[in-house]
1. Within the bounds of the stretch 172-183, is there any residue that is under 12 Å from Ala340 (Cβ atoms) and part of a helix (DSSP H, G or I)?
2. Among the residues of the stretch 141-151, count how many are closer than 22 Å to Arg106 by Cβ and touching a Pro at 6+ places or on another chain (Cβ under 8 Å).
3. Taking only the stretch 122-154 into account, find how many residues are touching a helix residue (DSSP H, G or I) at 6+ places or on another chain (Cβ under 8 Å), within 11 Å of the ligand (Cβ to nearest atom) and assigned to a loop (DSSP other than H, G, I, E, B).
4. Being free of Cβ contacts under 8 Å to residues at least 12 places away in the same chain, of a type in the set (D, E, K, R) and within 19 Å of His275 (Cβ to Cβ) is the filter here; which residues of the stretch 207-241 pass it?
5. Can you spot a residue in the stretch 76-84 that is under 30 Å from Ala299 (Cα atoms), in contact with an Asp or Glu (Cβ under 7 Å, 6 or more places away or on another chain), within 14 Å of the ligand (Cβ to nearest atom) and at pLDDT 95 or above?
6. Looking only at the stretch 202-256, which residues are among the small types (Gly, Ala, Ser) and within 25 Å of the chain's Cα centre (by Cα)?
7. Which of the residues spanning the stretch 164-183 are crowded, with 17+ Cβ neighbours inside 10 Å and β-branched (Val, Ile, Thr)?
8. Can you name the residue in the stretch 1-38 that is of a type in the set (Ser, Thr, Tyr) and more than 10 Å from the ligand (Cβ to nearest atom) and, of all such residues, is farthest from Asp181 (Cα to Cα)?
Amino acid sequence: MAKIILTGDRPTGRLHLGHYVGSLRRRVELQNSGEFDKIFIMIADAQALTDNFDNPGKIRDNIIEVALDYLSAGLDPEKVNIFIQSEVTELTELTFYYMNLVTLSRLERNPTVKTEIQLRNFETSIPVGFLNYPISQASDITAFKATTVPVGEDQLPMIEQAREIVRKFNSTYGEVLVEPDALLPNNSVCSRLPGTDGKAKMSKSLGNCIYLSDTPEEVSKKVMSMFTDPNHLKVSDPGSLEGNTVFTYLDAFCKDEHFEKYCPDYKNLQEMKDHYQRGGLGDVKVKRLLINVLEDELAPIRARRAEYEKNIKGVYDILKKGTDAAKKEAAQTLSEVKAAMKINYFEDPSLLEGWQEKYNG
Ligand code: TRP
């Protein structure tokens, strides 16, 4: 069976380090592994509208930002199709049919949706489209017969919902759809990178993000004001690693080589952590290391972005080409779905034959 990747992001803002370690970095590795037959990366504008329906300008503006972030992170338009969700209208059609296969109470049980409803104060009036987005996400995945969906762990309930829909569809109408597997980050720190304030998750609305497109000055400023151990007041005090954001980020980004290059007092992160816990290591030194480590990762991304920014028409054409390719793929699946559901009236010659036989003998 073909190995196919589908994943994507909501275009509600520029992409940040949480997106990067949670999924983006992995996508580039997967793209370069040569193990996959097709890769589709979706800018999920229709999903973004499920909780931003009254702010369409924001979604439109961020399409180009996300596209630039993808390309600058190293996604190669020769190897992946980057496309815009709403342009692939087949996805909406699939969603309509999948809605019959899912109960309201099943949607209400989705833990990620539950949390999001609370965050958005939707409790008293949940837009139907919002509650429904896990079904629409199942369409995104199954339209491409994706086998592999690289995502952060908050997306696991969506993949589970998609798998249930596939099983229900296939058992009701015949084997058409493919059950996808989630591919989580291989490092648990990367599954959920905290914000710079130490809060659970990097999120634009909390203002605790480091963006892929931040300047070196912005990155440095944000790291210097990062949450560490509030009880580590004097350098000589023993410090705690628990909830210490600077160390969490080092866990996500730092390699042994970085110590040789930027902080030769230690061989590796473990030695530095030990010293911090014993006391005698100040936050500033750890933060300086983190700034260097992040710059190693971000400098090439920034440089690629600068190149792509010079040719926005080129980026537009990449989106157009990727969207055309995605449409073709989704149309093929939709036609198989409609045939299985017996709603392919004008594509099935046996239909007319049967009707004629019934009435014209
Ligand atoms: N829900 C994802 C997010 O919040 C975006 C998304 C939409 C997606 N459709 C998808 C991810 C399909 C993986 C597969 O970022």
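The values are calculated or read from the model by the stated rules, or taken from the named source; none is laboratory data. From a predicted model like this one, the values you see are computed outputs, not experimental measurements. Note that each Cβ is placed from the backbone with ideal geometry, even for glycine, and that neighbours are counted across all protein chains shown. When the accessible area is computed, the model is the full protein with side chains, heavy atoms only, and any ligands, DNA or RNA have been set aside. Shrake-Rupley method; radii C 1.70, N 1.55, O 1.52, S 1.80 Å.
1. First pass over the stretch 172-183, keeping only residues under 12 Å from Ala340 (Cβ atoms): 172-177.
Retained after the next criterion (residues that are part of a helix (DSSP H, G or I)): 172-173.
Scanning the stretch 172-183 turns up at least one residue that is under 12 Å from Ala340 (Cβ atoms) and part of a helix (DSSP H, G or I).
2. Step one: filter the stretch 141-151 for residues closer than 22 Å to Arg106 by Cβ, giving 141-143, 146, 149, 151.
If we keep only those that are touching a Pro at 6+ places or on another chain (Cβ under 8 Å) as well, we get 141-142, 146, 149.
Within the stretch 141-151, residues that are closer than 22 Å to Arg106 by Cβ and touching a Pro at 6+ places or on another chain (Cβ under 8 Å) number 4.
3. Looking only at that region, the number is 4.
4. Lys234
5. Just the residues of the stretch 76-84 that are under 30 Å from Ala299 (Cα atoms), to begin with: 76-84.
Filter again for in contact with an Asp or Glu (Cβ under 7 Å, 6 or more places away or on another chain), leaving 84.
Restricting the remaining residues to those that are within 14 Å of the ligand (Cβ to nearest atom) gives 84.
Okay, now just the ones that are also at pLDDT 95 or above, so 84.
Yes, the conditions are met somewhere in the stretch 76-84.
6. So in the stretch 202-256, the residues among the small types (Gly, Ala, Ser) come out as 203, 205, 207, 213, 220, 225, 236, 239-240, 243, 252.
Ser203, Ser205, Gly207, Ser213, Gly243, Ala252 - these are the residues of the stretch 202-256 that are among the small types (Gly, Ala, Ser) and within 25 Å of the chain's Cα centre (by Cα).
7. Matches in the stretch 164-183: Ile165, Val166, Val176, Val178.
8. Step one: of the stretch 1-38, the residues of a type in the set (Ser, Thr, Tyr) are 7, 12, 20, 23, 33.
Among the residues that remain, those that are also more than 10 Å from the ligand (Cβ to nearest atom) are: 20, 33.
Numbers: Tyr20: 20, Ser33: 18 Å.
Ranking the qualifying residues of the stretch 1-38, first place goes to Tyr20.
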